[in-house]
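What follows is a set of notes on a single structure, which appears directly below.
The values are calculated or read from the model by the stated rules, or taken from the named source; none is laboratory data. These numbers were taken from a predicted model, which means no experiment stands behind them. Don't worry about glycine lacking a Cβ; one is built from the backbone with ideal geometry, like all the others, and counts go over all protein chains shown.
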Amino acid sequence: MWATLERLLDSSMFSPHGICLLWEPELIWLHVVSDAVIAASYFSIPFALAIVVSKRRDFQFGWIGWCFGAFIMACGLTHVFSIYTLWVPVYGIEGIVKAITAIASVITALVLWPLIPKIIAIPSSAQLRHAYMALEEEGKQRRGAETLLQRFRETEATETQIRQAQKMEAVGQLTGGIAHDFNNILTVITGTIEILADAVADRPELAGIAKLIDDAATRGAALTQHLLAFARKQPLQPTSVDINALIVDTVQLLKPAIGELVSIDFQPGENVSPALVDPSQLATAILNLALNARDAMPNGGQLRIETTNVELQDNAVRTFDGPAAGKYVMISFADTGHGIAAGDLNKVFEPFYTTKEVGKGTGLGLSMVYGFVKQSNGHITIQSEKGLGTTILICLPQAEAAATQLVGIDLPEPTQQGHEIILVVEDDPLVRTYVLAQISSLGYRTLSASNGPEALNVLRSSEPIDLLFTDIIMPGSINGRELSIEALKLRPDLKVLFTSGYTENAIDHDGRLDQGVQLLRKPYRRADLANMIRAALMGRGVSFLKETA
């Protein structure tokens with residue numbers, strides 16, 4: 001083998017290729033220039049392939065590029081040796097290079113032919129454009145389907161909200177229907193039990209029974225008040241309230257009720273605007289939410305209360321029964337309790353629904369808060385996850401006026417006697433009999449009527465009357481408000497005091513009492529009756545709000 005290789009590399013026996021061309025300069029240079037150009041072109045092709053393959057690593061035939069580059073490089077070398085052998089007869093080396101080139105050619109051909117179907121299968125530009133258009137059309141259809149799905153989900157969510165609101169409204173209508181009669185009954189019970197308790201004060205066994213009846217009546221009154229709050233039927237007295245100041249005062253009252261195991265962390269926001277809300281009802285709502293948070297943390301935890309200003313945009317409130325776009329004061333209540341299961345979140349605002357154990361909750365706390373917030377033109381949402389606590393967000397409309405300061409005023413003594421003449425208008429005979437007896441016991445003279453037309457007849461008479469004490473909801477064509485309007489036309493100096501357990505918007509607008517309206521809510525006690533009568537006769541209402549200077 002080595003002998004054969006030595007013979008191939010031995011060039012002493014050969015003559016240069018130029019001799020065959022008779023050393024004609026034209027022929028010599030024609031071959032030199034042609035082979036040089038061909039070699040240079042061949043050498044440039046592998047570099048071009050190397051750049052393409054290295055830049056496009058996703059090219060699935062990259063290894064073919066490297067093989068083809070090596071083949072082209074060998075072809076270029078053969079032309080270099082064609083130039084070299086014009087003067088130096090190294091035909092053996094030239095033959096070896098050509099043999100290597102032949103082998104590379106055969107390998108390239110053997111590899112390339114099976115790949116031809118795959119290469120042909122590569123899509124053309126037209127096919128790619130068609131595929132892109134088809135993909136774009138599919139994308140449009142998918143986006144259209146996603147839009148329809150989103151609309152369907154929004155519609156389904158809206159329908160769910162509508163059903164929930166209708167259910168709430170139905171319960172509210174039922175509540176309002178029974179509240180009037182129920183409060184009439186409670187008025188008689190709470191009033192007469194006071195008389196009975198005074199009569200048996202020296203007999204402990206009977207006094208204890210009277211106390212039980214009184215406590216039961218008080219619980220019944222509280223139950224009715226909670227139901228009216230949920231039904232958005234309770235009369236409200238909204239005013240401009242400094243939310244931070246109210247929460248600070250309420251938290252001080254909360255601490256004994258919450259206990260030592262639960263800490264309250266109040267984080268007041270900076271420059272929080274005043275809210276237009278009934279301060280006493282808001283304080284009651286805060287108390288209910290705090291007690292719920294306490295019950296959710298039997299082993300202790302933290303209740304974090306935060307306030308801030310928020311502005312809800314149109315795109316954030318496009319839900320049925322949602323808040324109107326505008327500026328609100330948001331109060332956040334976040335506890336570290338056991339949380340609420342996802343399946344219960346849609347039911348927590350329903351009356352009498354509770355996740356607590358039997359006997360540990362009435363299920364009216366959150367429903368009362370819900371009704372109060374809605375009646376205040378606000379919005380309430382709840383976020384909770386089992387084991388991760390609960391966050392309740394309340395949004396209340398911002399007030400345009402400056403915040404008012406909560407101060408007390410002096411009330412007349414409950415036992416103060418009077419001599420004025422009072423016209424009592426009450427359709428329920430039990431309540432009318434009780435009220436007449438109580439007012440008479442306070443020293444006043446009384447007249448009575450069972451409905452509006454009968455009361456107008458009394459007012460048209462020559463009887464002197466100082467105060468009209470009328471129920472609001474009465475059968476017939478004239479309710480308490482309409483009666484008061486006609487009465488003031490007949491007697492402009494007449495004082496008016498309303499009473500009811502359910503106003504049904506007769507003296508308010510969406511549950512908000514009209515300016516100057518004086519209302520004694522049923523059920524009431526003798527002291528409440530005495531206070532309100534004296535206040536009405538003195539020409540001022542019982543108010544606990546005084547604007548700051």
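At-a-glance table
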item	result
Tally of residues being within 18 Å of Val277 (Cα to Cα), more than 12 Å from the chain's Cα centre (by Cα) and either among the hydrophobic types (A, V, I, L, M, F, W, C) or assigned to a strand (DSSP E or B) (or both) across the range 367-390	4
Residue satisfying condition, being small (Gly, Ala, Ser), touching a helix residue (DSSP H, G or I) at 6+ places or on another chain (Cβ under 7 Å) and at pLDDT 80 or above, within set Gly62, Gly76, Gly69	Gly76
Boolean, Leu128 is within 60 Å of the chain's Cα centre (by Cα) and either of a type in the set (A, V, I, L, M, F, W, C) or in the same structural domain as Val53 (by TED's automatic domain parsing) (or both)	yes
Residues located in the range 115-134, provided they are assigned to a helix (DSSP H, G or I) and either surrounded by 10 or more Cβ atoms within 10 Å (Cβ to Cβ) or modelled with pLDDT of 90 or more (or both)	Leu115, Lys118, Ile119, Gln127, Leu128, Arg129, His130, Ala131, Tyr132, Met133, Ala134
Some residue of the range 88-111 being of a type in the set (S, T, N, Q), more than 60 Å from the chain's Cα centre (by Cα) and not in a helix (DSSP H, G or I)	no
Residue within the range 170-192 that is among the acidic types (Asp, Glu), more than 29 Å from the chain's Cα centre (by Cα), at pLDDT below 80 and assigned to a helix (DSSP H, G or I) present	yes
Sole residue being at pLDDT 75 or above, of a type in the set (D, E, K, R) and surrounded by 16 or more Cβ atoms within 10 Å (Cβ to Cβ), chosen from Asp214, Asp202, Asp198	Asp214
Qualifying residue in the range 387-396 (condition: surrounded by 13 or more Cβ atoms within 10 Å (Cβ to Cβ), at positive phi and modelled with pLDDT of 55 or more)	yes
The range 299-314, residues that are in a strand (DSSP E or B) and within 14 Å of the chain's Cα centre (by Cα)	Val310, Glu311, Leu312
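Yes/no per residue for (1) at pLDDT 90 or above; (2) among the small types (Gly, Ala, Ser):
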site	(1), (2)
Gln438	no, no
Pro464	yes, no
Asn479	no, no
Arg491	yes, no
Tyr502	no, no
Ala506	no, yes
His509	no, no
